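The values are calculated or read from the model by the stated rules, or taken from the named source; none is laboratory data. For clarity, every value in this text was computed on a predicted model and none was experimentally measured. FYI the Cβ positions are ideal-geometry reconstructions off the backbone, even for glycines, and counts take in every protein chain you see. With ligands, DNA and RNA removed, areas are computed over all heavy atoms of the protein, side chains included. Shrake-Rupley method; radii C 1.70, N 1.55, O 1.52, S 1.80 Å.
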Amino acid sequence: MSSETGPLPDVADEAPAVGETLKKKRRHVDLLFGVVGLFLQVGTGLIMLPLTATMLAPAELTFWTVFLSIQAMSYLIEFGFTPSFARNFTYVLGGANRLVAEGVPPEKTGAVNRDLLCELLSASRTVYMLLSLVVAVVLAIGGSIYVDALARTAEGVPFIWESWALFAGTLVFHTYMNWQAGVVMGADRMREYYQIVTVARLVQVALSVVGLLIKPDLLTLTAAYAVSALVMRVHYQIVARNVTKLVDGMKSEPGATRRILSSIAPNAVKIGWVTIGGYLTSRFSFLVISLSLGAAMAAEYAVAQQAFFALAAISQVAGHLNNARMTAARLHSEKPVMREIYAFTVLFAGAVFLSGALGMMLFGEWLLEVIGSQTLLPPLLILATMTVIFLLDVHANIAMGLIATSNSIPYMRAVLMTGVLVAGGTIIVALTGGGLLQFILVQGAIQLAYNFWRWPMYVCDELGLKLGAFAGAAVSGARRMLFDRM
């Protein structure tokens, strides 16, 4: 079996038709599930914010936020393999007969090449096994050094090291099993994807709430997270079975993994560098702020940052739901579909994000005061500044997501350079004794210099989407998602 010319089986039931794996369907149901799923996921996250702010001391809340930031950092070690594998699973399930390092595979058939699918699955499992070992080493050494440094700034926080050991072990397990995500997303099972995330999140929140009422400390939150991770991975396995059963009993040839990775790794590495740039731009700042301003003072920013990350996630649900469809549209040169879905996705994201941000600014502080939270939100000027920066970031991310469906990453250098400049800027602000507003302005100004406008313009030029036609295209995109099969 070769990743270049894997033969198609002669028997029809051994080679399922493309339509049996990537079905055209009305997307309004998926959009509904995505919105509801992310609303529940984000809603439970927002419920957790005042709960943890009330039940935990500010220093404990900062440690939990640091754990979440380190979780995001661990994803960097995966580089861009998850979206790259997902995209290539879409290509294979869409009829591609070989994979290429850059661009859309030129050869398409009417059936799924099971040999190529088997090789792709084998390669993904091997990659994530190796990545989990790297994550284990990095967390055991680098993560422990940072936790120790932060622990010296906060006395009286119980179970720091027990919590860290359990959290780090859970991250290693997550990494080892993350090949499942590529399969589920690549097979356009986005409804199920959001169900998986929602169920796991609800389990985590339920266990956290009950646990904090009984034993309000950092270890309780970590234990709830670990149990939810196990639930998530079992659920993933059930959904992924729809694809993995196609290659039951098959084995890839020696050397197949190397051939597959020669096609996937170049862009995966590029996406990885983009992810690192994004982390340095948005997440790294909190690690600097917490050390610069202290664990207690950084807690206000931690609450606001988590809320904005949640809003950004739910606002991009339409884009995530249609990622596999957009990739298939690339494969079959359906530019009108891409143009209309992109316009709808941008307007949907803007409306959802601004509505949530306005609600937070009007009622967030009041809600925290009502429940007697030990940690409140930053001043209104800080929140307004963060709203503008996060909104522009959401737009740029949607544009870059569409560009990536072409199996090309032209924005890698720009995003990475931006991340390095932002990280350097935040360190300078810390060394010069700057305040929270200065930290935030550094992040926004550097991104506004290029990425915030360059990549949305790049997409509009590529799709032939003029500003005057944007609203009409968005309406057509909404009609496609709500009423048409695509």
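Some points to look at:
- C-alpha center-to-center spacing [the range 298-375, the range 167-199] in angstrom: 20 Å
- Cα-centre dipole for the range 340-486 with unit charges at Cβ (Lys and Arg positive, Asp and Glu negative), debye to 20: 320 debye
- Long-range lysine pairs (8 or more apart or interchain), the chain, Cα under 18 Å: 6
- Taking the chain and dividing mean pair separation by its residue count, relative contact order in percent (alpha carbons under 8 Å, at least six apart): 25 percent
- Net charge dipole, the range 245-391: roughly 840 debye, given to the nearest 20, about the Cα centre with Cβ charges of +1 for Lys and Arg and -1 for Asp and Glu.
- Charge dipole of the chain (Cα centre as origin; +1 on each Lys and Arg Cβ, -1 on each Asp and Glu Cβ, all else neutral): 1000 debye, rounded to the nearest 20.
- By average C-beta atoms within 10 angstrom, highest first, the peptides 397-405, 384-392: 397-405, 384-392
- Size descriptor for the range 272-387, Kirkwood hydrodynamic radius: 16.5 Å (Cα pairs only, one decimal).
- Amide H contacts of S252: none lie under 5 Å away among residues 5 or more positions distant or on a separate chain (H built 1.01 Å from N in the peptide plane; Pro and chain starts excluded).
- Relative to the dominant Cα principal axis of the chain, helix 436-448 is inclined by about 20°.
- Fraction of accessible area attributable to carbon and sulfur, the chain (%, probe 1.4 Å): 68 percent
- Helical content alone sets the calculated 222 nm signal of the chain at -25500 deg cm²/dmol, taking -39,500 (n - 2.57) per DSSP H segment of four or more residues and averaging over every residue.
- For the range 378-486: relative contact order, % (alpha-carbon pairs under 8 angstrom, 6 or more apart): 35 percent
- Relative intensity of the chain on a log10 scale, I(q)/I(0) at q = 0.06, 0.09, 0.12, 0.14 Å⁻¹, equals -0.27, -0.62, -1.12, -1.51, per a Debye sum over C-alpha point scatterers of equal strength in the absence of solvent.
- Residues whose amide H comes within less than 5 Å of that of A111, counting only those at least five positions distant or on another chain, are V18 (H built at 1.01 Å from N in the peptide plane).
- P(r) tail for the range 402-486: Cα pairs beyond 22 Å make up 50% of the total.
- Positive-end residue, the range 213-257 charge dipole about Cα centroid, Cβ charges, pick of V231, L219, A256: V231
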